[in-house]
Structure formats: structure tokens, C-alpha cells
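Asks: My questions all concern the structure below.
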Amino acid sequence: MMLTKFTAPWLSEILIVVSMLLAACKSGEGGAGESPPSSSSAPAPAATAIKIGLIAPFSGPFASLGAQMEGGMRAWLDTHGGAVAGRKVELLVRDVTGIAPDVAKRLAQGLIVRDNVDFLAGFALTPNALAVAPLATEAKKPMVIMNAATSIITTRSPYIVRVSLTLPQVTAPLATWAFENGIHNVYTLVSDYAPGLDAEQQFLETFQAAGGKVVDSVRVPTSNPDFAPFVQRIKDVHPEAVFVFVPAGTQGIAFMKAFHERGLASAGIKLIATGDLTEDQQLPAMGDEALGVVTTHHYSAAHDSPENAAFKAAFTKAAQGGLTPNFMAVGGYDGMAAIAAVVDKLGGTIDGDRAMEAFKGLELQSPRGPIRIDPETRDIIQTVYVRKVERREAGLFNVEFASFPAQKDPGK
Ligand code: PHB
């Protein structure tokens, strides 16, 4: 039989492709209109492009997240000749439209089976990343998380590496800072899905351990939340501060508006949050109401380093529509840099298992500062900064004033 002529890696690759295609057809996800595996699903010869499948939202309420990520990846590519280890890099961009795990799965199946990508990348939103994790395992495809920040994600597949952050990683330093700076009772408000629950849990744990008290907690809907009634309840309780996690994008603007309209700021209630609330793209739209808000995060556009200056210049050229880069863009940029470093280490020939070994322990000088991939967890180790919104000549910025170096994900 012909099959005996194949070497073992060929055979297993083909079997995986066939089984995924059958699964796709059976579930109706991605089956319709997709051609059966052809000779193009065989491993690419070294001269062809390295293909990266980018799954992120480019429409709907989280559309800015995808634009930021893609802009970051293109900024890296534009400043590095669009190639790695002698191979051109091709981005295959797919719009997941929002929190849509089934769409994410269907897109990933298409990218793996039909397009035969070398890497899956992107993943702004946790539910989408979790949905794709089993496919990465089955196909042995490295999956580079450029934002999705729930602690558990990297445990869902040995083929996942994260270059962004985890919510517990940025929340624990804020709880520590708040207690040490005279805030002793806090009301928490988080978005009601996995990263929000991670943030709520970590704040409670670290703040209580320090001696603080969480007086109450509320979870708000993930889509179009009306913050007014939640904020009113918080005002009635009158804690010293509110701790907030809402996903990056326009929700931060809506929250800030409700916080001021209901008079919490004038009642002396402080606002502390993860940096998602005051992310760099949306900050100008918040206006002076954001002044003085203290947040913790891994990246600020105001970070003072030559790497950040170069990144911002490259992003401004690469991205459409005059976007200000935020942490999502840095995730794309560093994710691209990490993929390039791995492809280089592998001499341009990609193998899923060898690629994952190469990610482990990888160190980069990011626009945010030094970063390292923890070889044990494939999660990121990085500095978490404490920042305050201030007005500078060029507008509003998250100005870093303290830092917690070499933070691991405390969730693991
Ligand atoms: C997530 O879904 O994991 C997520 C989304 C937006 C953020 C942070 C985390 O700003």
C-alpha cells in the first residue's frame, strides 16, 4: 500500500488533518464550503511563507482589540523586513466578532485544516482562547495568546504560550499597593466572566491577607452593561475605594461616566482598577474625569524606554486610522517577536513540539520592559507597574510611579 511509503511524521500529520476535517464536518463548524485536505496540507517546504492565523475581534463591541493586535504584529513585521529565518511571514486574519467560542473554534479548524498555518495567534478574549485550546493540542499547533488573561488558559494545552498578562498577576500588586497606601475597605466591581472572576478573587485574597476588608462585590454583564444602578449601590455603601475590572474597549468610558454622574468621586470614593479601565486608546475619550485614577498593568504608552519609542513609531506607521497603541498592540508586537525568535531557533523549519520547547525560557526586551516565558507554565513573567492618570502636554497618560518586578502569575 501507498501508506507504507510515508515516514511516521507525515502519516501522523495527515491523520490529524483528516480527523479534524471529519470532526468539522460532523459538528457543522467549518465543514461547509471547506475543501478536503489536499497536498497543500503537507508540511511546507522551507522556501514558502510562514503562516500565522490571527483570531481576534475586528467587528462588534471589541473591534478595537483586533485592530490593536494586528497593528502590533504588522509594526514588528514592517520593522523586520516582513520575514524570519529567510521565510516571508503571512498573516491570515480572521474576525471572531466578539465573545464567540463556537466561531473561534470554526475559524481555528479552518486555519489548521485548510490553510495549514504554522502558528495560531491573537485571542483577545478568554472564552475564545479556551474553546480553541483542544484543537491546538490535537493538531500540535503552537497557540500564542496575545491578550486573553484568565489564569487557567495556559493549563488547557501544552501548545499554549502567553505573551500578555494574567488578571491575578496585575491585580495582586494593586491590592498590596492599596492597603499600604491607606485604603482599608473596598467594594469590588468586575465583568461577569472568567477574567473578571479571576480579578475579583485575587483582589480579595491579597487585600484580606494584607489586613483589608472587601465590603461587598458585584459582577456586571459582559455586554453593554448599564453601570448606573451598580454604581449607585456602591455610593450608598460608601467604601473607601472601588476596585474595577472591565475589559478593554469602550466599557471603561461608560463606567467612568456613571462613576462621575452618580457623584462617587465628589463623595470621596477612590477608584482603583486594573489598567484595562484606563487603557491608552480610550483614555482621551474619558477626559479629566479619569485624572488621578490609580491602576496596575504591564504596559503604558507613557513607559519611558527606547524600545517603547521605537514601538510607538512603528505602530503609528503600520496601524490604520491614527490609533494610539495600547497593551493589546504590545501583545501583538511581542507575540510576533516571540514567534520570530522561535522560528530562528528552529532554523526556519517549524515543528509544534520543538517550537514549544523554544518558547520556554525565552527572554525579550519588550516596549513594556523585560519579559520572560516561564519554562514551567509557558506563562509570562514581567514587571507590573503602578500608574496614575495625569495630564501631560500631549494629553492624558497612565504615568508609572512604582513597580513590582518579575511578577509571575500568582494563580498558578
Ligand atoms: C479576556 O477576555 O481575557 C480579557 C479581555 C479584555 C481585557 C482583559 C482580559 O482587557
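Asks: Order these peptides, 128-134, 346-352, by their mean beta-carbon neighbour count within 10 angstrom, highest first.
Replies: 128-134, 346-352
Asks: In a shell of Cβ-Cβ distance under 13 Å around Thr377, excluding Thr377 itself, what net charge do Lys and Arg (+1) and Asp and Glu (-1) give?
Replies: +3
Asks: How high is the FRET efficiency from Thr48 to Ala209, r the C-beta distance, R0 56 Å, rounded to 0.05?
Replies: After rounding to 0.05, the efficiency reads 0.60.
Asks: Taking the chain as the reference, fit the longest principal axis to its C-alpha atoms, fit the long axis of helix 327-345 to the helix C-alpha atoms, and give the angle between the two in degrees, 0 to 90, nearest 10.
Replies: Once rounded, the angle reads 30 degrees.
Asks: Relative contact order (percent) for the chain, with alpha-carbon contacts under 8 angstrom and 6 or more residues of separation? Don't skip to the end; give the middle numbers.
Replies: On the way: 869 pairs, mean separation 70.8, N = 412.
Relative contact order comes out at 17 percent.
Asks: Let me check I've understood the local charge: for Gly292, count other residues with C-beta under 10 angstrom from its C-beta, Lys and Arg +1, Asp and Glu -1. What total comes out?
Replies: Computed value for this residue: -1.
Asks: Over what distance in Å are the Cα centres of the stretch 107-143 and the stretch 324-378 separated?
Replies: Centre-to-centre (Cα) distance: 17 Å.
Asks: Counting only other residues whose beta carbon sits under 14 Å from that of Tyr193, what net charge do I get with K and R as +1, D and E as -1? Kindly include the intermediate steps, with their values, before the conclusion.
Replies: On the way: positive: Arg219; negative: Asp192, Asp198, Glu200, Asp276.
It works out to a net charge of -3.
Asks: For Cα pairs less than 8 Å apart in space and 6+ apart in sequence, what is the mean separation divided by the residue count of the stretch 277-412, i.e. the relative contact order in percent?
Replies: 31
Asks: Label the stretch 168-295 by shape, choosing from rounded, prolate and oblate, from the square roots a ≥ b ≥ c of the eigenvalues of the Cα gyration tensor; if a/c is under 1.5 it is rounded, and otherwise prolate applies when a/b is larger than b/c, oblate when it is not.
Replies: Verdict is rounded for the stretch 168-295.
Asks: Mind checking the dipole of the chain: about its Cα centre, +1 per Lys or Arg Cβ, -1 per Asp or Glu Cβ, Debye to the nearest 20?
Replies: 560
Asks: Could the peptides 172-179, 265-272 be put in order, highest first, of the mean number of other beta-carbon atoms found within 10 Å of their residues?
Replies: 172-179, 265-272
Asks: Among Val144, Val237, Val220, determine the one that fluctuates most according to a GNM of the chain built with springs between C-alpha atoms less than 10 Å apart.
Replies: Val237
Asks: Cα gyration tensor of the chain, axes a ≥ b ≥ c as square roots of the eigenvalues: rounded (a/c below 1.5), prolate (a/b > b/c) or oblate?
Replies: It comes out prolate by the Cα gyration axes.
Asks: Farthest toward the dipole's positive end in the chain, which of Val342, Gly110, Ala319, given Cβ charges of +1 (Lys, Arg) and -1 (Asp, Glu) about the Cα centre?
Replies: Gly110
Asks: Nearest 0.05, what FRET efficiency do Ser266 and Thr155 give at R0 = 56 Å with Cβ-Cβ as r?
Replies: Calculated value: 0.80.
Asks: Where in the chain lies the longest segment free of GluC sites (Glu not before Pro) that are both loop residues by DSSP (not H, G, I, E, B) and have at most 12 other Cβ atoms within 10 Å?
Replies: Value returned for the longest uninterrupted segment is 1-375.
Asks: For the Cα atoms of the chain, what angle does the longest principal axis make with the long axis of helix 194-210, in degrees from 0 to 90, nearest 10?
Replies: Orientation of helix 194-210: about 50 degrees from the principal axis.
Asks: Any of Lys235/Lys388; Lys51/Lys388; Lys235/Lys312; Lys141/Lys345 with alpha carbons more than 28 Å apart? Name them for me.
Replies: Violating the 28 Å Cα-Cα cut-off are Lys51/Lys388; Lys235/Lys312.
Asks: By a straight-distance test (C-alpha under 16 Å), which aspartates and glutamates pair with Lys270 as possible cross-link partners, with residues fewer than eight away in the same chain excluded?
Replies: Output for Lys270: Glu180, Asp216, Asp236, Glu240, Glu261, Asp288, Glu289, Glu390.
Asks: Could you tell me what percent of the DSSP beta bridges with both partners in the chain are antiparallel, to the nearest 5?
Replies: Here the antiparallel bridges make up roughly 40 percent for the chain.
Asks: Let me ask something additional. If you line up the long axis of helix 126-139 against the longest principal axis of the chain, both from Cα atoms, how many degrees apart are they, to the nearest 10?
Replies: The two axes meet at around 20 degrees.
Asks: Under a GNM of the chain (C-alpha, springs under 10 Å), which listed residue has the highest mean-square fluctuation: Ala358, Ala56, Ala199?
Replies: Ala358
All of the numbers you see were taken from the coordinates with simple rules; none came from a lab. Quantities reported herein were computed from a predicted structural model and do not represent experimental measurements. For neighbour counting, all protein chains shown are included, and Cβ atoms are generated from backbone atoms with ideal geometry for every residue, glycine included.
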